[in-house]
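This report concerns only the one structure given below.
What follows is calculated from the coordinates using simple rules that are stated; it is not laboratory data. Predicted, not measured: the structure shown is a model, and the values here were computed from it. Note that each Cβ is placed from the backbone with ideal geometry, even for glycine, and that neighbours are counted across all protein chains shown.
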Amino acid sequence: MNAKLRTRWTIETFGKIKGNGRLLSTRHFDRLSEIREHLDQHKEHRFVVHPPTAVHSDDLCALDDLRRNGFDIERL
């Protein structure tokens, strides 16, 4: 059986205003820096991030830093 490998970052953006938790968008990115731009543009939302299958530990640490800096991020 072949497992599907994720090669890109996927981010799901959810509404957060007045408890609205519906999915607003799903986007795919090649680099973590592109995700940071998206987060900065949509600070008021909640995010679920799916890292690539072969993600570097430095990138995961950077994602955790974003969470500590106030972004509402869940990593799957």
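Rounded to the nearest 20, the Cβ-based charge dipole of the chain about its Cα centre (Lys and Arg +1, Asp and Glu -1) stands at 340 debye. Just to be sure I understand the curve: with the Debye formula and one point per C-alpha of the chain, what is log10 I(q)/I(0) at q = 0.18, 0.26 Å⁻¹? Computed log10 I(q)/I(0) values: -0.70, -1.31. Relative to the dominant Cα principal axis of the chain, helix 32-41 is inclined by about 10°.
Residue ranges 44-52, 57-65 sort as 44-52, 57-65 when ordered by packing (mean number of other C-beta atoms within 10 Å per residue, highest first).
In the chain, a dipole from Cβ-located charges (positive for Lys and Arg, negative for Asp and Glu) runs towards its positive end, and of GLY70, LEU23, LEU5 it is LEU23 whose Cα lies farthest in that direction.
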